[in-house]
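Just below is one structure, and these are the notes that go with it.
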Amino acid sequence: MRFLVPVFLFLLLCQPLISIAAPAQRIVALAPSLAELTCDLGAKARLVGRTMHSETPETIRALPVVGAYSRPDVERIMALRPDLCLAIHDGTPRTVIRRLHQLGVPVLELAPDTFEGLIETLLSLGRALGTEMAAERAADLVRARLAAMDRQVCAIPDADRPVVLLQVQALPPMFAGPDTFCGELIRRAGGRNPIAGPLPYPLLNVEEVIALRPDVILIPDMARAHEAQALWRRFPDIPAVRHNRLYIVAADPFSQPTLRSLDALETLHTLLYPGQNGQHPPKPSPVQQLVNATQNKEIKH
């Protein structure tokens, strides 16, 4: 009996260690933003698969492609023998997630659809990857840069905030409403999104855009972006056209919440408030396209 008591205590103390699962070693990211964030947290070497258009950082472009974000191929995924798949909640097809579960592959569903969601995604990823310290540092970075931007913007009266449209499809013209990540970028940068209605991404014709009188029109560098820019230049009654404030910007940081979206936010603020002194940063050289300084940077332990 005296022998059994120490053995029982030893097993009891060791139980928490035994129950902790090892971090995933073979990861398939089913969205470009999740592949990028995995690299940001120092786990790039554990990525074994990606979806189409997952191209940041450049070093993951050689990884096998398991299909498009909207149509990942389960057979291709299983061929890579993953021990974890990263999925977008309300984005990755439910049929794919259910099938992966049936085949015994853990799926971590994440929702980086807002800046707050980005913070939660970083922390959840950190726990799954065993990179909690890097995740906490990244989350603190997001909080600090958002707080700094909020301090700059809060003193600007609503009437002084420019009207901003962000075009998410060139032709026919489609724009981001206020209840989207693009809408959050506009609001946090100090702009006003004039779109109303229930649709997150409504189609607007030329007459509707003219009626909204945008001071700034942002066009991500997507297919036919220059055609869209040329279209609006035909209508000088639009304030954005009259004052030469049609900007082509990098698509990914404006549409997929990642750490690079912080650069997008700060650059957008500079575009909206050029040449301001004091609380607003001065405008650098004229910007037509967002240059992402952190594209190949990783957060180091």
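Read-outs throughout are calculated quantities, based only on the coordinates presented, and are distinct from any laboratory measurement. Computed from a prediction, not measured in an experiment: that's the story for all the values here. Methodologically, a virtual Cβ is constructed for each residue, glycine included, from the backbone with ideal geometry; neighbour enumeration extends over all protein chains shown.
If R0 is 51 Å, the Cβ-Cβ spacing of THR95 and ALA22 corresponds to a FRET efficiency of close to 0.95. Taken along the Cα-to-beta-carbon direction at a fixed 7 Å, the label points for ALA148 and GLU116 span 2.3 nm. Evaluated with a Cβ-only charge set (Lys, Arg +1; Asp, Glu -1), region 156-272 carries a dipole of roughly 200 debye about its Cα centre, given to the nearest 20.
In this label model, ARG242 and LEU141 are separated by 4.2 nm, measuring between points 7 Å along each Cα→Cβ vector. Think of region 27-142 as having a plus end and a minus end, set by charges on the Cβ of Lys, Arg, Asp and Glu; of THR92, SER124, LEU103, LEU103 sits farthest toward the positive end of this dipole. A Cβ-based charge dipole, computed about the Cα centre of region 18-141 with Lys and Arg at +1 and Asp and Glu at -1, lands at about 620 debye. Under 20 Å from a label point set 7 Å out along the Cα-to-Cβ vector of ARG234, the amide N atoms of region 199-215 belong to 203-214.
Once the chain from SER70 to GLU132 is taken as fully extended at 0.36 nm per residue, the excess over their C-alpha distance is 19.4 nm.
Where both bridge residues fall in region 27-142, DSSP classifies roughly 15% of the beta bridges as antiparallel.
With Cα atoms defining each centre, region 185-220 and region 96-135 are spaced 32 Å apart in the structure. Listed peptides 95-106, 64-75, 148-159 appear in the order 64-75, 95-106, 148-159 once ranked by packing, highest mean of other Cβ atoms within 10 Å at the front.
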